[in-house]
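Written below as C-alpha coordinates is the structure these notes are about.
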Amino acid sequence: MIGHLLAGSRAVRRTLALGAAAALSTGLAVAGVPRADAAADTLGSAAARTGRYFGTAIDASKLDDPVYTTIAGREFDMVTPENGMTIDATEPRQGQFVFTNADRIVDWAAQNGKRVRGHTLLWHSQQPQWLVNLSGGALRQAMLDHVDGVMTHYKGKIYAWDVVNEAFADGTGARRNSNFQRTGDDWIEAAFRAARAADPAAKLCYNDYNIEDWTSAKTQAVYAMVKDFTSRGVPIDCVGFQAHFGSGSPYPDLRTTLRNFAALGVDVQITELDIPSAPAATYAAVVGDCLAVPRCAGVTVWGVRDPDSWRSGDTPLLFDGDGGKKPAYTAVLDALNAAVPSPSPTPGAGCTATLSAGAKWPDRYTLGVTVTGSDDWIVTMTVPRPARIIATWNVRTRWNPATNVLTARPNGHGGSWGVTIKHHGNRTWPTVSCRTA
(Lines give C-alpha, C1' and ligand atoms only; values in the text may rest on other atoms or scores of the structure.)
Protein backbone atom coordinates (compact mmCIF):
# COMPACT_ATOMS: atom_id res chain seq x y z
CA MET A 1 0.00 0.00 0.00
CA ILE A 2 2.79 2.40 0.94
CA GLY A 3 5.66 2.73 -1.53
CA HIS A 4 8.99 1.12 -0.81
CA LEU A 5 11.20 3.86 0.66
CA LEU A 6 8.30 6.29 0.26
CA ALA A 7 7.17 6.47 3.88
CA GLY A 8 4.26 8.79 4.51
CA SER A 9 2.65 8.27 1.11
CA ARG A 10 -0.86 6.82 1.27
CA ALA A 11 -1.66 4.11 -1.18
CA VAL A 12 -5.02 4.67 -2.78
CA ARG A 13 -4.48 1.86 -4.24
CA ARG A 14 -4.54 -21.65 -19.59
CA THR A 15 -3.60 -23.37 -19.18
CA LEU A 16 -5.44 -26.70 -19.60
CA ALA A 17 -3.81 -29.39 -17.47
CA LEU A 18 -1.93 -32.12 -19.27
CA GLY A 19 -2.94 -35.70 -19.88
CA ALA A 20 -5.90 -37.77 -20.96
CA ALA A 21 -9.00 -37.63 -18.81
CA ALA A 22 -9.67 -40.41 -16.39
CA ALA A 23 -13.39 -40.38 -15.62
CA LEU A 24 -14.35 -39.92 -12.02
CA SER A 25 -17.97 -40.79 -12.54
CA THR A 26 -19.12 -39.93 -16.05
CA GLY A 27 -16.19 -40.78 -18.29
CA LEU A 28 -15.98 -37.25 -19.73
CA ALA A 29 -13.01 -36.95 -22.08
CA VAL A 30 -10.81 -33.85 -22.28
CA ALA A 31 -9.29 -32.92 -25.64
CA GLY A 32 -7.14 -30.18 -27.09
CA VAL A 33 -4.33 -30.47 -24.54
CA PRO A 34 -1.33 -28.22 -25.40
CA ARG A 35 2.27 -29.39 -25.29
CA ALA A 36 3.90 -28.99 -21.89
CA ASP A 37 6.93 -27.20 -23.35
CA ALA A 38 5.02 -24.73 -25.54
CA ALA A 39 5.80 -21.11 -24.67
CA ALA A 40 2.84 -19.29 -23.16
CA ASP A 41 1.67 -15.95 -24.57
CA THR A 42 0.16 -14.38 -21.44
CA LEU A 43 1.55 -13.69 -17.98
CA GLY A 44 -0.96 -15.89 -16.17
CA SER A 45 -0.52 -18.90 -18.43
CA ALA A 46 3.28 -18.55 -18.38
CA ALA A 47 3.32 -18.40 -14.59
CA ALA A 48 0.97 -21.39 -14.37
CA ARG A 49 3.55 -23.51 -16.24
CA THR A 50 5.80 -23.04 -13.22
CA GLY A 51 3.09 -23.75 -10.66
CA ARG A 52 2.67 -20.08 -9.81
CA TYR A 53 0.17 -17.31 -10.46
CA PHE A 54 0.58 -13.84 -11.96
CA GLY A 55 -1.98 -11.37 -10.69
CA THR A 56 -3.04 -7.74 -10.65
CA ALA A 57 -4.89 -5.31 -8.42
CA ILE A 58 -8.43 -4.54 -9.62
CA ASP A 59 -10.52 -1.44 -9.00
CA ALA A 60 -14.28 -2.09 -9.22
CA SER A 61 -14.88 1.35 -10.75
CA LYS A 62 -12.83 0.35 -13.80
CA LEU A 63 -14.65 -2.86 -14.63
CA ASP A 64 -16.79 -0.91 -17.12
CA ASP A 65 -13.66 -0.01 -19.12
CA PRO A 66 -13.36 -2.56 -21.94
CA VAL A 67 -9.64 -1.96 -22.48
CA TYR A 68 -8.99 -2.48 -18.77
CA THR A 69 -11.06 -5.66 -18.53
CA THR A 70 -9.65 -7.06 -21.77
CA ILE A 71 -6.10 -6.80 -20.47
CA ALA A 72 -7.00 -8.02 -16.99
CA GLY A 73 -9.03 -10.92 -18.34
CA ARG A 74 -6.37 -11.98 -20.82
CA GLU A 75 -3.16 -11.60 -18.84
CA PHE A 76 -3.77 -12.38 -15.19
CA ASP A 77 -5.03 -15.43 -13.29
CA MET A 78 -5.20 -13.88 -9.81
CA VAL A 79 -6.86 -10.61 -8.78
CA THR A 80 -6.65 -8.50 -5.63
CA PRO A 81 -9.27 -5.86 -4.81
CA GLU A 82 -7.19 -2.69 -4.58
CA ASN A 83 -9.35 -0.86 -2.05
CA GLY A 84 -12.68 -2.69 -2.15
CA MET A 85 -12.00 -4.89 0.89
CA THR A 86 -10.45 -2.37 3.28
CA ILE A 87 -12.20 -1.73 6.58
CA ASP A 88 -13.77 1.57 5.57
CA ALA A 89 -15.19 -0.04 2.43
CA THR A 90 -16.59 -3.21 4.01
CA GLU A 91 -17.76 -2.00 7.46
CA PRO A 92 -18.45 1.75 7.22
CA ARG A 93 -20.70 1.49 10.30
CA GLN A 94 -20.09 -0.93 13.13
CA GLY A 95 -21.77 -4.23 12.45
CA GLN A 96 -23.18 -3.07 9.09
CA PHE A 97 -21.20 -4.69 6.31
CA VAL A 98 -21.18 -3.42 2.74
CA PHE A 99 -19.70 -5.67 0.06
CA THR A 100 -20.90 -3.95 -3.13
CA ASN A 101 -17.55 -3.16 -4.74
CA ALA A 102 -15.77 -6.19 -3.33
CA ASP A 103 -18.54 -8.50 -4.54
CA ARG A 104 -18.31 -6.99 -7.99
CA ILE A 105 -14.61 -7.85 -8.18
CA VAL A 106 -15.07 -11.35 -6.74
CA ASP A 107 -17.95 -12.03 -9.14
CA TRP A 108 -15.94 -10.76 -12.11
CA ALA A 109 -13.05 -13.00 -11.09
CA ALA A 110 -15.31 -16.06 -10.80
CA GLN A 111 -16.93 -15.37 -14.17
CA ASN A 112 -13.49 -15.13 -15.78
CA GLY A 113 -11.93 -18.16 -14.09
CA LYS A 114 -9.61 -16.26 -11.75
CA ARG A 115 -8.77 -16.63 -8.10
CA VAL A 116 -8.85 -13.80 -5.57
CA ARG A 117 -6.45 -12.59 -2.89
CA GLY A 118 -8.37 -10.86 -0.12
CA HIS A 119 -6.85 -7.51 0.82
CA THR A 120 -6.88 -6.44 3.58
CA LEU A 121 -8.67 -7.31 6.83
CA LEU A 122 -6.78 -5.25 9.42
CA TRP A 123 -4.72 -2.15 8.63
CA HIS A 124 -3.86 0.98 10.54
CA SER A 125 -4.97 3.09 7.56
CA GLN A 126 -8.32 3.58 5.80
CA GLN A 127 -10.29 2.98 8.99
CA PRO A 128 -13.85 4.29 9.45
CA GLN A 129 -14.32 6.88 12.16
CA TRP A 130 -16.35 4.57 14.39
CA LEU A 131 -13.36 2.22 14.63
CA VAL A 132 -10.91 5.07 15.27
CA ASN A 133 -13.08 6.13 18.22
CA LEU A 134 -12.81 2.73 19.95
CA SER A 135 -10.06 1.52 22.26
CA GLY A 136 -9.18 -1.29 24.63
CA GLY A 137 -11.44 -4.33 24.84
CA ALA A 138 -14.13 -2.76 22.68
CA LEU A 139 -11.65 -2.20 19.86
CA ARG A 140 -10.22 -5.71 20.20
CA GLN A 141 -13.69 -7.25 19.93
CA ALA A 142 -14.64 -5.03 16.99
CA MET A 143 -11.41 -6.06 15.27
CA LEU A 144 -12.16 -9.75 15.66
CA ASP A 145 -15.80 -9.26 14.65
CA HIS A 146 -14.64 -7.54 11.47
CA VAL A 147 -12.35 -10.44 10.57
CA ASP A 148 -15.15 -12.92 11.15
CA GLY A 149 -17.80 -10.88 9.31
CA VAL A 150 -15.78 -10.32 6.14
CA MET A 151 -14.25 -13.79 5.96
CA THR A 152 -17.57 -15.51 6.63
CA HIS A 153 -19.15 -13.57 3.77
CA TYR A 154 -16.44 -14.77 1.37
CA LYS A 155 -15.85 -18.22 2.84
CA GLY A 156 -14.75 -20.63 0.12
CA LYS A 157 -14.21 -17.85 -2.44
CA ILE A 158 -10.82 -16.43 -1.46
CA TYR A 159 -7.47 -18.11 -2.14
CA ALA A 160 -5.51 -16.10 0.46
CA TRP A 161 -6.15 -13.20 2.84
CA ASP A 162 -3.84 -10.41 3.89
CA VAL A 163 -5.06 -10.77 7.46
CA VAL A 164 -2.80 -8.04 8.85
CA ASN A 165 -1.17 -5.31 6.79
CA GLU A 166 1.80 -3.08 7.66
CA ALA A 167 1.99 -3.65 11.41
CA PHE A 168 5.69 -2.76 11.74
CA ALA A 169 7.24 0.71 11.74
CA ASP A 170 9.65 1.93 9.08
CA GLY A 171 13.35 1.81 9.78
CA THR A 172 13.14 -0.10 13.04
CA GLY A 173 12.18 -3.47 14.44
CA ALA A 174 9.36 -1.93 16.45
CA ARG A 175 5.64 -2.48 16.01
CA ARG A 176 3.77 0.42 14.49
CA ASN A 177 2.03 2.53 17.15
CA SER A 178 -1.46 1.88 15.82
CA ASN A 179 -4.79 1.67 17.62
CA PHE A 180 -4.71 -2.11 17.14
CA GLN A 181 -1.25 -2.35 18.70
CA ARG A 182 -2.47 -0.44 21.71
CA THR A 183 -4.96 -3.25 22.46
CA GLY A 184 -2.01 -5.52 23.30
CA ASP A 185 1.04 -7.05 21.65
CA ASP A 186 -0.88 -10.24 20.90
CA TRP A 187 -3.35 -8.56 18.52
CA ILE A 188 -1.78 -10.00 15.36
CA GLU A 189 -1.87 -13.51 16.77
CA ALA A 190 -5.50 -13.01 17.81
CA ALA A 191 -6.36 -11.84 14.30
CA PHE A 192 -4.80 -14.89 12.66
CA ARG A 193 -6.54 -17.28 15.03
CA ALA A 194 -9.88 -15.60 14.32
CA ALA A 195 -9.19 -15.80 10.59
CA ARG A 196 -8.46 -19.53 10.72
CA ALA A 197 -11.70 -20.12 12.59
CA ALA A 198 -13.67 -18.07 10.06
CA ASP A 199 -12.36 -19.87 6.94
CA PRO A 200 -10.07 -22.85 7.61
CA ALA A 201 -9.37 -23.39 3.88
CA ALA A 202 -8.05 -19.91 3.04
CA LYS A 203 -4.34 -19.15 3.21
CA LEU A 204 -3.55 -16.54 5.85
CA CYS A 205 -0.84 -13.97 5.08
CA TYR A 206 1.00 -11.17 6.80
CA ASN A 207 1.67 -8.36 4.28
CA ASP A 208 4.11 -5.43 4.47
CA TYR A 209 6.39 -3.05 2.54
CA ASN A 210 10.11 -2.36 3.01
CA ILE A 211 10.75 -5.95 4.07
CA GLU A 212 12.42 -7.05 0.84
CA ASP A 213 15.98 -6.35 2.09
CA TRP A 214 17.10 -9.16 4.39
CA THR A 215 19.49 -6.88 6.30
CA SER A 216 16.89 -4.30 7.36
CA ALA A 217 15.65 -4.12 10.94
CA LYS A 218 12.04 -4.16 9.78
CA THR A 219 12.58 -7.36 7.78
CA GLN A 220 14.24 -9.02 10.75
CA ALA A 221 11.38 -8.04 13.04
CA VAL A 222 8.77 -9.51 10.72
CA TYR A 223 10.90 -12.64 10.32
CA ALA A 224 11.13 -13.03 14.10
CA MET A 225 7.34 -12.75 14.40
CA VAL A 226 6.72 -15.36 11.69
CA LYS A 227 9.31 -17.68 13.21
CA ASP A 228 7.63 -17.33 16.60
CA PHE A 229 4.19 -17.98 15.10
CA THR A 230 5.26 -21.10 13.22
CA SER A 231 7.07 -22.46 16.27
CA ARG A 232 3.96 -22.06 18.46
CA GLY A 233 1.37 -23.20 15.93
CA VAL A 234 -0.17 -19.78 15.32
CA PRO A 235 -1.97 -20.20 11.96
CA ILE A 236 0.09 -18.29 9.38
CA ASP A 237 0.51 -19.68 5.86
CA CYS A 238 2.23 -16.95 3.88
CA VAL A 239 4.10 -13.65 3.91
CA GLY A 240 3.43 -10.95 1.33
CA PHE A 241 6.21 -8.66 0.13
CA GLN A 242 4.63 -5.56 -1.39
CA ALA A 243 7.68 -4.64 -3.50
CA HIS A 244 6.76 -0.98 -4.07
CA PHE A 245 10.32 -0.24 -5.08
CA GLY A 246 11.71 3.30 -5.18
CA SER A 247 13.48 4.86 -8.13
CA GLY A 248 16.71 5.81 -6.35
CA SER A 249 17.32 2.69 -4.29
CA PRO A 250 19.48 -0.30 -5.22
CA TYR A 251 17.64 -3.53 -5.86
CA PRO A 252 17.76 -5.59 -2.63
CA ASP A 253 18.80 -9.21 -2.28
CA LEU A 254 15.17 -10.29 -2.49
CA ARG A 255 16.02 -13.91 -3.23
CA THR A 256 17.78 -14.38 0.10
CA THR A 257 14.83 -12.84 1.92
CA LEU A 258 12.29 -15.05 0.16
CA ARG A 259 14.35 -18.16 0.82
CA ASN A 260 14.80 -17.42 4.50
CA PHE A 261 11.10 -16.81 5.09
CA ALA A 262 10.15 -19.90 3.04
CA ALA A 263 12.49 -21.98 5.19
CA LEU A 264 10.13 -21.25 8.10
CA GLY A 265 7.50 -23.36 6.32
CA VAL A 266 5.37 -20.54 4.89
CA ASP A 267 4.65 -19.51 1.32
CA VAL A 268 6.04 -16.20 0.09
CA GLN A 269 4.28 -13.93 -2.40
CA ILE A 270 5.10 -10.71 -4.23
CA THR A 271 1.87 -8.85 -3.58
CA GLU A 272 1.91 -5.23 -4.85
CA LEU A 273 4.75 -4.93 -7.33
CA ASP A 274 5.37 -1.62 -9.09
CA ILE A 275 8.66 0.04 -10.07
CA PRO A 276 9.06 3.65 -11.27
CA SER A 277 9.63 3.79 -15.05
CA ALA A 278 9.14 0.00 -15.16
CA PRO A 279 12.76 -1.00 -15.86
CA ALA A 280 12.67 -4.29 -17.72
CA ALA A 281 15.76 -5.71 -16.00
CA THR A 282 14.42 -5.05 -12.51
CA TYR A 283 11.01 -6.51 -13.29
CA ALA A 284 12.70 -9.61 -14.67
CA ALA A 285 14.89 -9.80 -11.55
CA VAL A 286 11.86 -9.79 -9.24
CA VAL A 287 10.23 -12.59 -11.24
CA GLY A 288 13.52 -14.50 -11.36
CA ASP A 289 13.86 -14.30 -7.59
CA CYS A 290 10.36 -15.70 -7.15
CA LEU A 291 11.05 -18.48 -9.64
CA ALA A 292 14.19 -19.44 -7.72
CA VAL A 293 12.22 -20.15 -4.53
CA PRO A 294 9.85 -23.15 -4.75
CA ARG A 295 7.55 -21.74 -2.08
CA CYS A 296 7.13 -18.42 -3.89
CA ALA A 297 3.49 -18.84 -4.91
CA GLY A 298 3.24 -15.96 -7.36
CA VAL A 299 3.55 -12.29 -8.26
CA THR A 300 0.91 -9.55 -8.27
CA VAL A 301 1.46 -6.17 -9.93
CA TRP A 302 -0.38 -3.27 -8.31
CA GLY A 303 -2.59 -2.18 -11.20
CA VAL A 304 -3.23 -2.94 -14.85
CA ARG A 305 -2.06 0.14 -16.83
CA ASP A 306 0.11 3.06 -15.77
CA PRO A 307 -2.86 5.46 -15.33
CA ASP A 308 -4.51 2.89 -13.04
CA SER A 309 -1.59 3.00 -10.60
CA TRP A 310 -1.73 4.81 -7.25
CA ARG A 311 1.63 6.26 -8.32
CA SER A 312 0.65 6.87 -11.94
CA GLY A 313 3.16 9.70 -12.42
CA ASP A 314 5.95 7.15 -12.05
CA THR A 315 4.62 5.00 -14.96
CA PRO A 316 5.47 1.88 -12.91
CA LEU A 317 3.43 -0.92 -14.52
CA LEU A 318 3.64 -3.36 -17.43
CA PHE A 319 1.06 -1.67 -19.69
CA ASP A 320 1.00 1.96 -20.82
CA GLY A 321 -2.05 4.23 -20.86
CA ASP A 322 -3.19 2.91 -24.23
CA GLY A 323 -2.96 -0.68 -23.03
CA GLY A 324 0.25 -1.35 -24.93
CA LYS A 325 2.80 -3.84 -23.64
CA LYS A 326 5.95 -2.17 -22.33
CA PRO A 327 9.47 -3.67 -22.53
CA ALA A 328 9.08 -4.79 -18.91
CA TYR A 329 6.11 -6.94 -19.97
CA THR A 330 8.25 -8.78 -22.51
CA ALA A 331 11.04 -9.23 -19.97
CA VAL A 332 8.64 -10.74 -17.44
CA LEU A 333 6.99 -13.04 -19.99
CA ASP A 334 10.38 -14.21 -21.25
CA ALA A 335 11.56 -14.90 -17.69
CA LEU A 336 8.47 -16.98 -16.97
CA ASN A 337 8.70 -18.91 -20.22
CA ALA A 338 12.38 -19.62 -19.64
CA ALA A 339 11.66 -21.26 -16.30
CA VAL A 340 11.39 -24.99 -15.78
CA PRO A 341 7.71 -25.88 -16.30
CA SER A 342 7.34 -27.12 -12.71
CA PRO A 343 9.62 -26.14 -9.82
CA SER A 344 11.76 -28.78 -8.19
CA PRO A 345 10.39 -30.07 -4.90
CA THR A 346 12.15 -29.01 -1.72
CA PRO A 347 12.49 -31.95 0.68
CA GLY A 348 10.88 -31.27 4.04
CA ALA A 349 9.30 -27.99 2.92
CA GLY A 350 5.73 -29.27 2.85
CA CYS A 351 3.67 -28.88 -0.30
CA THR A 352 1.53 -26.33 -2.08
CA ALA A 353 -1.35 -26.92 -4.51
CA THR A 354 -2.01 -24.22 -7.11
CA LEU A 355 -5.00 -23.93 -9.45
CA SER A 356 -4.90 -22.58 -13.01
CA ALA A 357 -7.69 -21.94 -15.49
CA GLY A 358 -8.35 -24.36 -18.32
CA ALA A 359 -11.09 -24.70 -20.91
CA LYS A 360 -14.59 -23.32 -20.29
CA TRP A 361 -17.98 -24.34 -21.62
CA PRO A 362 -21.44 -22.99 -20.77
CA ASP A 363 -22.09 -25.63 -18.12
CA ARG A 364 -18.59 -26.67 -17.01
CA TYR A 365 -14.94 -25.71 -16.83
CA THR A 366 -11.58 -27.36 -16.25
CA LEU A 367 -8.84 -26.51 -13.80
CA GLY A 368 -5.21 -27.55 -13.81
CA VAL A 369 -3.68 -28.41 -10.44
CA THR A 370 0.06 -28.12 -9.80
CA VAL A 371 1.54 -29.53 -6.61
CA THR A 372 5.00 -28.35 -5.55
CA GLY A 373 7.23 -29.05 -2.59
CA SER A 374 6.82 -32.82 -2.29
CA ASP A 375 6.56 -35.95 -4.41
CA ASP A 376 4.32 -37.70 -1.89
CA TRP A 377 1.32 -35.48 -1.24
CA ILE A 378 -2.37 -35.46 -0.41
CA VAL A 379 -4.50 -32.64 -1.81
CA THR A 380 -7.95 -31.84 -0.47
CA MET A 381 -10.24 -29.92 -2.82
CA THR A 382 -13.52 -28.51 -1.53
CA VAL A 383 -16.04 -27.61 -4.25
CA PRO A 384 -18.69 -24.95 -3.52
CA ARG A 385 -22.19 -26.33 -3.93
CA PRO A 386 -24.08 -27.00 -6.12
CA ALA A 387 -21.02 -27.44 -8.36
CA ARG A 388 -19.45 -30.90 -8.48
CA ILE A 389 -16.42 -32.58 -10.00
CA ILE A 390 -17.33 -34.86 -12.90
CA ALA A 391 -13.87 -35.94 -14.14
CA THR A 392 -10.20 -35.96 -13.16
CA TRP A 393 -6.98 -36.94 -14.90
CA ASN A 394 -3.37 -37.83 -14.03
CA VAL A 395 -4.23 -38.45 -10.38
CA ARG A 396 -5.77 -40.95 -7.95
CA THR A 397 -8.88 -39.53 -6.32
CA ARG A 398 -11.67 -40.20 -3.87
CA TRP A 399 -14.85 -38.13 -4.12
CA ASN A 400 -17.16 -37.62 -1.13
CA PRO A 401 -20.52 -36.37 -2.45
CA ALA A 402 -21.82 -35.77 1.07
CA THR A 403 -19.17 -33.12 1.77
CA ASN A 404 -18.37 -32.15 -1.85
CA VAL A 405 -14.70 -32.84 -1.13
CA LEU A 406 -12.16 -34.52 -3.42
CA THR A 407 -9.07 -36.16 -1.95
CA ALA A 408 -6.23 -36.65 -4.46
CA ARG A 409 -2.89 -38.49 -4.41
CA PRO A 410 -0.18 -38.91 -7.10
CA ASN A 411 -0.44 -41.79 -9.55
CA GLY A 412 2.90 -41.56 -11.35
CA HIS A 413 2.29 -38.37 -13.33
CA GLY A 414 4.03 -36.06 -10.86
CA GLY A 415 2.30 -32.99 -9.52
CA SER A 416 0.36 -31.86 -12.61
CA TRP A 417 -3.24 -33.03 -12.88
CA GLY A 418 -6.68 -31.64 -13.45
CA VAL A 419 -10.40 -31.69 -12.85
CA THR A 420 -13.57 -30.91 -14.76
CA ILE A 421 -16.29 -29.17 -12.76
CA LYS A 422 -19.95 -28.89 -13.70
CA HIS A 423 -20.82 -25.60 -12.05
CA HIS A 424 -24.66 -25.64 -11.92
CA GLY A 425 -24.56 -21.84 -11.81
CA ASN A 426 -21.81 -21.48 -9.18
CA ARG A 427 -18.60 -20.62 -10.99
CA THR A 428 -16.61 -19.96 -7.81
CA TRP A 429 -13.41 -21.98 -7.91
CA PRO A 430 -12.85 -24.70 -5.31
CA THR A 431 -10.39 -24.24 -2.47
CA VAL A 432 -7.39 -26.55 -2.15
CA SER A 433 -4.98 -27.51 0.60
CA CYS A 434 -1.96 -29.78 0.49
CA ARG A 435 -0.11 -31.89 3.03
CA THR A 436 2.71 -34.35 2.73
CA ALA A 437 1.70 -37.99 3.04
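The figures follow:
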quantity: Dipole magnitude of the stretch 60-203 about its Cα centre (Cβ charges: Lys, Arg +1; Asp, Glu -1), debye to nearest 20; calculated: 220
quantity: Given Lys62/Lys114; Lys114/Lys422; Lys203/Lys227; Lys218/Lys326, the pairs whose alpha carbons are separated by over 27 Å; calculated: Lys218/Lys326
quantity: Counting DSSP beta bridges with both ends in the stretch 107-249, the antiparallel % (nearest 5); calculated: 5
quantity: The stretch 405-412 - phi-based ³J(HN,Hα) in whole Hz, Karplus 6.51/-1.76/1.60, Gly and Pro as x; calculated: 10, 9, 10, 10, 9, x, 10, x
quantity: Amide H contacts under 5 Å for Thr431, placed H, 5+ residues apart; calculated: Thr382
quantity: Magnitude of the charge dipole, the stretch 235-365, Cβ model with Lys/Arg +1 and Asp/Glu -1, debye to 20; calculated: 300
quantity: Top positive-direction residue, dipole computed over the stretch 95-210 with Cβ charges, set Gln127, Ala194, His153; calculated: His153
quantity: Whole-percent carbon and sulfur share, accessible surface of the stretch 328-437, 1.4 Å; calculated: 51
quantity: Thr70-Ala338 FRET efficiency (beta carbon distance; Förster radius 30 Å; 0.05 resolution); calculated: 0.70
quantity: Probe 1.4 Å, protein heavy atoms only - accessible area per residue of the stretch 37-129 in square angstrom; calculated: 32
quantity: Share of carbon and sulfur in the accessible heavy-atom surface of the stretch 154-255 [1.4 Å probe, %]; calculated: 49
quantity: J(HN,Hα) series, the stretch 178-184, from Karplus relation 6.51 cos²θ - 1.76 cosθ + 1.60, nearest Hz, glycine and proline x; calculated: 9, 5, 5, 4, 6, 7, x
quantity: For the stretch 230-299, accessible area per residue (1.4 Å probe, heavy atoms of protein chains only), Å²; calculated: 28
quantity: Residue-span extension gain [Arg182 to Gln141] - 0.36 nm each, minus C-alpha spacing; calculated: 13.4 nm
quantity: Simple spin-label estimate for Thr230 and Ser249 in nanometres, 7 Å along Cα-Cβ; calculated: 2.3
quantity: Cα centre as origin, Lys/Arg/Asp/Glu Cβ charges: the chain dipole, Debye; calculated: 1360
quantity: Gain upon complete extension [Asn133, Asp107; 0.36 nm per residue less C-alpha separation]; calculated: 6.0 nm
quantity: For the chain, share of DSSP beta bridges that run antiparallel, in % to the nearest 5; calculated: 55
quantity: Amide proton proximity set for Arg364, modelled H, under 5 Å, gap of 5+; calculated: His423
quantity: Long-range amide H partners of Ile58 with built H, under 5 Å; calculated: Thr80, Glu82
quantity: Virtual paramagnetic centre 7 Å along Cα→Cβ of Val405, amide N under 14 Å, in the stretch 420-437; calculated: 431-435
quantity: Stretchable slack from Thr215 to Phe97, in nm (0.36 nm times residue separation minus alpha-carbon distance); calculated: 38.4 nm
quantity: Distance between the stretch 158-180 and the stretch 220-287 - C-alpha centres, whole angstrom; calculated: 14
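The values are calculated or read from the model by the stated rules, or taken from the named source; none is laboratory data. Since this is a predicted model, take the numbers as computed values, not measurements. Here the Cβ is made from the backbone with ideal geometry for all residues, glycine too, and neighbour counts use every protein chain on show. All accessible areas refer to the heavy atoms of the entire protein, side chains included, with ligands and DNA or RNA removed. Shrake-Rupley method; radii C 1.70, N 1.55, O 1.52, S 1.80 Å.
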